[in-house]
């Protein structure tokens, strides 16, 4: 199988959590001979090549980050340039976000089923996974623990051509956190989140406090 992979993140490649996920995913996908070509929607110079690859191939994988649970506008802008196909093309999706509960991504998953039909293709399933916000902010070892499981999912995709298997469905993790866990996470967030975000902001060069209001 040969797959066309489209990274739907609006971030440039080196800053894209989705790209880091795809590094692990494609490592697993190619273990048994599956090949791929990957494109970045964030680079508009690639758009013509992406369209050509979309029309000439029958296995398409689109990897998408949700921002405040919305599909990136840049990806939607690109998709509007595509004309529907009428062959045996199958589209599968990787849908990832920062929120850890599976239920947070289900609306996006439903939209992708509709999108596939509008593109004249067959739906090959969506790999749904949250809790990915921290990938590019944490130490390399921690990021590795978050992204490494995608290697097995790449193997699964190569075997089945999609994400409809029980393994892929279980990969999502908890659909909704239990009440005790939600309470505990609320306390942890209230106590540690401010200092954590302060550290992150300093790491990217911010010199003003997080509550700085220059226009007040």
- line: Asserting the computed 222 nm helical MRE of the chain (DSSP H runs at least 4 long, -39500 (n - 2.57) per run, divided by residue count, to nearest 500) equals -13000 deg cm²/dmol
field: Folded to 0 to 90 degrees: helix 106-118 orientation relative to the chain principal axis, Cα
entry: 30 degrees
Volume in Å³ per residue [convex hull over Cα atoms, computed for the chain]: 150 Å³
Inter-label distance, nm, simple model (7 Å from Cα along the C-beta direction), residue 48/residue 122: 3.3 nm
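Please rank 188, 128, fewest neighbouring Cβ atoms within 10 Å first, as an exposure proxy.
Taking fewest neighbouring Cβ atoms as first place, the list is 188, 128.
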Candidates 75, 112, 181: whichever shows maximal mean-square fluctuation once the chain is modelled as a Gaussian network with Cα springs under 10 Å: 181
message: Based only on other Cβ atoms within 10 Å, what is the fewest-to-most ordering of 116, 18, 35?
response: 35, 116, 18
query: What is the extension gain from residue 195 to residue 12, computed as 0.36 nm multiplied by their sequence separation minus the C-alpha to C-alpha distance, in nm to one decimal?
result: 63.1 nm
- prompt: By how many degrees, between 0 and 90 and to the nearest 10, does the Cα long axis of helix 179-203 differ from the longest principal axis of the chain?
  reply: 90 degrees
Scattering profile of region 163-216 at q = 0.19, 0.29 Å⁻¹ [log10 I(q)/I(0), Debye over alpha-carbon scatterers]: -0.80, -1.06
- line: Most exposed to least, judged by fewest other Cβ atoms within 10 Å, 189, 99 sort to 189, 99
message: Run the paramagnetic zone check for residue 57: 7 angstrom along Cα to Cβ, then residues of region 21-35 with backbone nitrogen under 13 Å.
response: 26, 30, 34-35
message: Quick check: the angle from helix 17-29's long axis to the longest principal axis of the chain, C-alpha only, nearest 10 degrees?
response: 50 degrees
statement: Expected unfolding gain across residue 207-residue 160 under the 0.36 nm per residue rule, minus the alpha-carbon gap, is 12.0 nm
message: Out of all DSSP beta bridges in region 2-171, what portion is antiparallel? Express it as a percent rounded to 5.
response: 5 percent
message: Quick check: pseudo-label points 7 Å beyond the Cα along Cα→Cβ at residue 70 and residue 85, how many nm apart are they?
response: 2.9 nm
task: Report the residue, chosen from 62, 176, 135, that carries the largest GNM mean-square fluctuation when the chain is represented by alpha-carbon nodes joined by springs under 10 Å.
output: 176
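Computed from the coordinates by the stated procedures, all read-outs in this text should not be read as laboratory data. Since the model is a prediction, treat every value here as computed from it, not as a measurement. Methodologically, a virtual Cβ is constructed for each residue, glycine included, from the backbone with ideal geometry; neighbour enumeration extends over all protein chains shown.
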